[in-house]
Amino acid sequence: VFAMEAMWTRFLPAAQALKDELAAGRVGEVRLVTGSFGTAKVPDPADGSFDPALDGGAIAQLGVYPLSLAQWLLGTPTLTQATGTVGATGVEEDAAFQLRYPGGAIGAFFASIRAWGPNDFAVLGTHGTIGFRGPIVRPYGLLVSRQAPLRRAPPSLGWRTRLREHGLTHLVAQLTGLSSRSPAKRLGYRYAGNGYHYEADEVRACVQRGARESSVMPLDDSIAVATTADAIRAAILASPTRRADPA
């Protein structure tokens, strides 16, 4: 018997490149990971996204994407905190959740089936950041920014300090979009077709070599993500201010 959850994002070239960049220490020590997935829908009990019997709600429908990616990169969370809004049909329509991972990194995510989101994913480290180009479900590249951590500088009122704080300097920065931060490199990792076949190729390769699961999407990861999702949902339902106004 072969088992694999149908979560294809991990198998896309951009996601694989992100994992490789982190393994190479490109952004130093990972301190934070953040992501969002929000799609505004009109509440409708006939829509599966709003039906608790069909596993509706922001977490199961959308929040599982940043959860699964972070699980793949950082492991199973050791701490879960969440808040959200439960709609008239009884599912969580908005969710904000914070997780702590075994290495000490913190995850901060939000998902919504009532609000549009940036639908992004990024990893923040001591020496830079790496984020997806494109939506969280189908990234087609990376934005990589590298910068060494700042050291304490002695107090100074010299000309460089005065120039840096001069109004004209700030005006130029606003007009040009310049920043004191290192510019991000735009790396392309385009996927072919609609992107689904990368996971199908992995399934075929595993079956051909007699493997019962994939190392990229092992069954333990799927179970851990589902367990985390349940903990987030329970935290939201336990909130005393969970009920939304009927639409």
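Here are a few things to note about the model shown:
- Note on the range 220-235: residues that are polar (S, T, N, Q) and open to solvent by 50 Å² or more (accessible area, probe 1.4 Å) amount to 1.
- The residue of the range 82-116 that is surrounded by the most Cβ atoms within 10 Å (Cβ to Cβ), among those that are of a type in the set (Phe, Trp, Tyr) and assigned to a loop (DSSP other than H, G, I, E, B), is 101.
- Criterion applied to 14, 40 was being at pLDDT 95 or above, open to solvent by less than 40 Å² (accessible area, probe 1.4 Å) and farther than 30 Å from residue 206 by Cα, and the one residue passing it is 40.
- Sole residue being over 21 Å from residue 131 (Cα atoms) and touching a Pro at 6+ places or on another chain (Cβ under 7 Å), chosen from 50, 2, 37: 50
- With respect to (1) open to solvent by 30 Å² or more (accessible area, probe 1.4 Å); (2) under 30 Å from residue 56 (Cα atoms); (3) of a type in the set (A, V, I, L, M), the lone exception for residue 143 is condition (2).
- Residue check, residue 27 β-branched (Val, Ile, Thr), touching a Gly at 6+ places or on another chain (Cβ under 7 Å) and part of a loop (DSSP other than H, G, I, E, B): yes
- The residue list 223, 232, 236 contains one member that is without any contact (Cβ under 8 Å) to a residue 24 or more places away in the chain, of a type in the set (Val, Ile, Thr) and either within 30 Å of residue 71 (Cβ to Cβ) or part of a strand (DSSP E or B) (or both), which is 223.
- The one condition in (1) open to solvent by less than 40 Å² (accessible area, probe 1.4 Å); (2) outside any helix (DSSP H, G or I); (3) under 19 Å from residue 115 (Cβ atoms) that residue 67 fails to fulfil: (2)
- Of the residues in the range 165-181, at least one is within 23 Å of the chain's Cα centre (by Cα) and under 24 Å from residue 142 (Cα atoms).
Matching residues to (1) at pLDDT 90 or above; (2) among the aromatic types (Phe, Trp, Tyr); (3) open to solvent by less than 100 Å² (accessible area, probe 1.4 Å):
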{"site": "169", "(1), (2), (3)": "no, no, yes"}
{"site": "185", "(1), (2), (3)": "yes, no, no"}
{"site": "189", "(1), (2), (3)": "yes, yes, yes"}
{"site": "202", "(1), (2), (3)": "yes, no, yes"}
{"site": "211", "(1), (2), (3)": "yes, no, yes"}
{"site": "218", "(1), (2), (3)": "yes, no, yes"}
{"site": "239", "(1), (2), (3)": "no, no, yes"}
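- Filtered residue count, the range 100-129, keeping only those that are touching a helix residue (DSSP H, G or I) at 6+ places or on another chain (Cβ under 7 Å) and among the hydrophobic types (A, V, I, L, M, F, W, C): 6
- The residue of the range 53-64 that is most open to solvent (accessible area, probe 1.4 Å), among those that are in a helix (DSSP H, G or I) and of a type outside the set (A, V, I, L, M, F, W, C), is 61.
- Checking each residue in the range 118-148 for being in contact (Cβ under 8 Å) with a residue 24 or more places away in the chain, in a loop (DSSP other than H, G, I, E, B) and over 20 Å from residue 71 (Cβ atoms) picks out 118, 126, 127, 134, 140, 147.
The values are calculated or read from the model by the stated rules, or taken from the named source; none is laboratory data. Keep in mind it's a predicted model, so treat the numbers as computed, not measured. Don't worry about glycine lacking a Cβ; one is built from the backbone with ideal geometry, like all the others, and counts go over all protein chains shown. Side chains included, ligands, DNA and RNA excluded: accessible areas come from the protein's heavy atoms. Shrake-Rupley method; radii C 1.70, N 1.55, O 1.52, S 1.80 Å.
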